[in-house]
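What follows is a single structure, written as structure tokens, with notes after it.
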Amino acid sequence: MEDSGQEYGIDGYYRSFSAGAALFYAGAPATELYLVREGRVQLFKRARGVERSIGLYGAEEIVGEEALLPGAHRTATAQALEPVSALVIESDTFRALVRRRPELGERVTQQLIRRLQRSEEQIENFLLPDPTIRVLNTLLHAVDAAQEGPLELSPLELSTRTALELDQVKAVVGQLRDRDYLSVGDQTITISDASALRQLHVLLALKEDVRHGLSCR
């Protein structure tokens, strides 16, 4: 909290959060954005009495962008998954900075586009009843968005993106690994043959369509 954000050319101050601490709560007025410097932040939203993880963000990512809307309130609770250091920026200050540095506005826009794509992916996964199909769907989205090399996907991020419990994700990934569709490292997943994964996704989706069609008769 004592350090300023001058290294980024931003008027703001750093705050440190211990693991499990909340950066902000759902329903609170949104007046500040958080630029994560170190650690990871998880967003939670409660619906029908069930709390769900809806986002996982790390270094150099912005959290709390709803503060850019006048009079906005927090739509989710942000919690430090591990010790977090973040630059806290008032919304008016951030808007003025974007006017001076358009490249920052472009960077934020790209980040928000990625989040919109992730939200669409989550909605799509909610409509898929089979956990394996959900995991395959998310892995293929990640392959399409990634450059060459392993995917930097932790089990927790997969759980968030698939809207599945962590144990379910680990079980599905373990099955895919045992069948040589992928290999798993520390926080990474390597897919050597994406076409084989796509074929499996199509096959399982077809089986699910057939099963659903028979059950509706």
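Here the Karplus relation 6.51 cos²θ - 1.76 cosθ + 1.60, evaluated at θ = phi - 60°, turns the backbone of region 120-137 into coupling constants of 5, 5, 5, 4, 4, 5, 4, 7, 9, x, 8, x, 5, 5, 4, 5, 4, 4 Hz, with x for every Gly and Pro. The gain in end-to-end length when the V143 to A171 segment is fully stretched comes to 8.0 nm, 0.36 nm per residue minus the alpha carbon separation. Using bins of 5 Å that start at zero, the share of Cα-Cα pairs per bin across the chain amounts to 1, 6, 12, 17, 17, 14, 12, 9, 6, 4, 1, 1, 0, 0, in whole %.
The residues neighbouring L23, those whose beta-carbon lies less than 11 Å from its own, together hold a net charge of +1 under the Lys/Arg +1, Asp/Glu -1 convention.
In region 77-98, whose amide N lies under 19 Å from the spot 7 Å out along Cα-to-Cβ of E38? List them in ranges. Within reach of a label on E38, which here means backbone N under 19 Å from a point 7 Å along Cα→Cβ, region 77-98 contributes 79-89. When the alpha carbon coordinates of region 128-215 are projected onto the principal axes, the ranges are 41, 27, 24 Å, largest first.
Values quoted throughout were computed directly from the atomic coordinates according to the rules given, and no laboratory measurement underlies them. Because the structure is a prediction, the values reported are computed rather than measured. Virtual Cβ from ideal backbone geometry, glycine too; neighbours counted across all protein chains shown.
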